[in-house]
Amino acid sequence: MKNRLKVLRAERNWTQAELADALDVSRQTVNAIETGKFDPSLPLAFRAARLFGLRIEEIFHDEERPTLTTEIRKDAYV
Amino acid sequence: MNQSIPREGYQSRIRATTLRLAIWTFAWVVTCAFMNFGPKFLWDKAIVFTVLAIALNVGVGAGMILANKNYIMGLDELQRKVYLNALAITVGVGLIAGVPFEVMDTYDVISFHAKISHLVMIMSLTFVVSILYGSRRYR
């Protein structure tokens, strides 16, 4: 699963430690999520979404499954 | 944009539960020594004191189990995953190593007696290596 956590954090000039505090997790967990080594649970994804004021799918997205718009475009060519 | 965010303490909470676990573990080790060496060196094998020492050890052991449970429940999801993976490997190694170890003792494959303390050492070592490996993997 890909995510925009690093970008969103950088936009706010937050350190990993500050983001970790805000999400109530360890800095190691924030780093593992940012580098794609660990996928967060749904409650943690919701906490991140609430913190950044975004929807979950605006932060996290599945890299294996094409997005809805890609599927619609594919259907258009069939 | 530099928004400030509330700083609360996952770290301080973990420090507190870790300290509590360390205190309970230390107390348990002390009561283990008390229970093992007391009968010989302190009360000349008097049954009453030995039973009391065993009861104290079991009681403190129960406290240590609860402290460990609280510690695990306080971890965040990644650290809990690393910890539970390490526990799973440790229990597996304990089981897989323990049974053949006893058979080796029974049929004199090894020159020394298989003791529970050997197994505890193997399991402790396995746990430490598993935790280090797990932490490194997600670093």
In region B:49-77, residue farthest from A:Pro40 (Cα to Cα) [restricted to those that are among the polar types (S, T, N, Q) and out of contact with any Cys (no Cβ under 7 Å at 6 or more places or on another chain)]: B:Thr50
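Rundown of residues vs (1) closer than 30 Å to A:Trp14 by Cβ; (2) within 18 Å of the chain's Cα centre (by Cα), yes/no style:
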{"position": "B:Ser12", "(1), (2)": "yes, no"}
{"position": "B:Arg15", "(1), (2)": "yes, yes"}
{"position": "B:Leu19", "(1), (2)": "yes, yes"}
{"position": "B:Thr25", "(1), (2)": "no, yes"}
{"position": "B:Leu52", "(1), (2)": "no, no"}
{"position": "B:Asp76", "(1), (2)": "yes, no"}
{"position": "B:Arg80", "(1), (2)": "yes, yes"}
{"position": "B:Val109", "(1), (2)": "no, no"}
Odd one out for B:Gly59, checked against (1) closer than 30 Å to A:Leu8 by Cβ; (2) modelled with pLDDT of 95 or more: (1)
Residue check, B:Arg139 modelled with pLDDT under 90 and closer than 30 Å to A:Pro43 by Cβ: yes
Identity of the residue in region B:8-21, within 14 Å of chain A (Cβ to nearest Cβ) and loosely packed, with under 13 Cβ neighbours inside 10 Å, that ends up modelled with the lowest pLDDT: B:Glu8
Region A:11-55, residues that are more than 18 Å from B:Gln79 (Cα to Cα), more than 7 Å from every other protein chain (Cβ to nearest Cβ) and surrounded by fewer than 15 Cβ atoms within 10 Å (Cβ to Cβ): A:Thr15, A:Phe46, A:Arg50, A:Gly53, A:Leu54, A:Arg55
Residue within region A:2-18 that is closer than 25 Å to B:Val82 by Cα, charged (D, E, K, R), modelled with pLDDT under 95 and touching a His at 6+ places or on another chain (Cβ under 6 Å) present: yes
Filter pass, B:Thr50 being over 30 Å from B:Arg137 (Cα atoms), touching a Leu at 6+ places or on another chain (Cβ under 6 Å), more than 12 Å from chain A (Cβ to nearest Cβ) and not acidic (Asp, Glu): no
Candidates B:Trp28, B:Trp24 - the one that is at pLDDT 95 or above and under 18 Å from B:Met73 (Cβ atoms): B:Trp24
Lone qualifier among B:Trp43, B:Trp28 - being more than 30 Å from A:Ser41 (Cβ to Cβ) and not in a helix (DSSP H, G or I): B:Trp43
Number of positions in region A:1-27 that are under 15 Å from B:Gly9 (Cα atoms) and in a helix (DSSP H, G or I): 9
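The values are calculated or read from the model by the stated rules, or taken from the named source; none is laboratory data. The shown structure was predicted, so the numbers you read here are calculated from the model rather than taken from an experiment. A quick note on method: Cβ atoms are made from the backbone with ideal geometry, for glycine too, and the neighbour counts reach across all protein chains shown.
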